[in-house]
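The values are calculated or read from the model by the stated rules, or taken from the named source; none is laboratory data. Nothing here was measured: the structure is a model prediction, and the numbers come from that model. Cβ: placed from backbone, ideal geometry, glycine included. Neighbour counts: every protein chain shown. When the accessible area is computed, the model is the full protein with side chains, heavy atoms only, and any ligands, DNA or RNA have been set aside. Shrake-Rupley method; radii C 1.70, N 1.55, O 1.52, S 1.80 Å.
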Amino acid sequence: MNKNAEPLSYFGALTAFFAGLNWSELASLFGILFGLLTLLLNWYYKQKDYELKKLEIEKGLAKK
């Protein structure tokens with residue numbers, strides 16, 4: 001069996017899925033994806049902010 005057969009079949013299925021969508025469905029799908037991406041990015045950078053604040057507090061208490 002050809003080693004490219006499986007990835008090509010997945011690509012074909014994905015292409016057929018997107019070909020069957022109209023513009024409003026695509027807009028809804030991408031809106032959901034961008035919303036999820038925004039949520040994940042905000043969570044990531046908020047965690048980094050908390051870590052920096054925690055480090056500042058620990059250093060501030062260590063100086064005194």
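Determine one quarter of the surface area of the Cα convex hull of the chain, which equals its mean projected area, and express it in nm² to one decimal.
With the hull built on Cα positions only, its mean projection is 7.9 nm².
Please state the charge dipole magnitude for the chain, taken about the Cα centre, from unit charges on C-beta atoms (+1 on K and R, -1 on D and E), reported in debye and rounded to the nearest 20.
540 debye
So, for the chain, what is the accessible surface per residue at a probe of 1.4 Å, expressed in square angstrom?
Each residue of the chain exposes 97 Å² on average to a 1.4 Å probe.
Which of the lysines could a cross-linker span from LYS59 if the Cα-Cα distance has to be under 18 Å and same-chain partners fewer than 8 positions apart are dropped?
Leaving aside lysines fewer than 8 places away in the same chain, those within reach of LYS59 are LYS48.
Can you give me the solvent accessible area of LYS54 with a 1.4 Å probe, rounded to the nearest 10 Å²?
Answer for LYS54: close to 120 Å² accessible.
In what sequence, largest accessible area first, do LEU36, LEU61 appear using a 1.4 Å probe?
The ranking, largest first, comes out as LEU61, LEU36.
Round to the nearest 0.05 the FRET efficiency obtained for LYS46 and PHE18 when R0 = 35 Å and r is the Cβ-Cβ distance.
The computed FRET efficiency comes out at 0.60.
Go ahead and estimate [θ] at 222 nm for the chain from helices alone: -39,500 (n - 2.57) per DSSP H run with n ≥ 4, summed, over the residue count, rounded to 500.
Rounded to the nearest 500, it is -31500 deg cm²/dmol.
Could you check how much of the accessible area of the chain is carbon and sulfur, as a whole percent, using a 1.4 Å probe?
69 percent
Dipole of the chain (Lys/Arg Cβ +1, Asp/Glu Cβ -1, origin at the Cα centre): which of PHE11, SER24, TYR45 lies farthest to the positive side?
Checked the options; the winner is TYR45.
Taking the 0 to 90 degree range and rounding to the nearest ten, how far is the long axis of helix 23-63 tilted relative to the main principal axis of the chain, both from C-alpha atoms?
The angle comes out near 20 degrees.
In whole Hz and in residue order, list the ³J(HN,Hα) couplings for the range 13-20 that follow from phi through the Karplus curve 6.51 cos²θ - 1.76 cosθ + 1.60, θ = phi - 60°; x for Gly and Pro.
Those phi angles translate into 5, 5, 5, 5, 4, 5, 5, x Hz.
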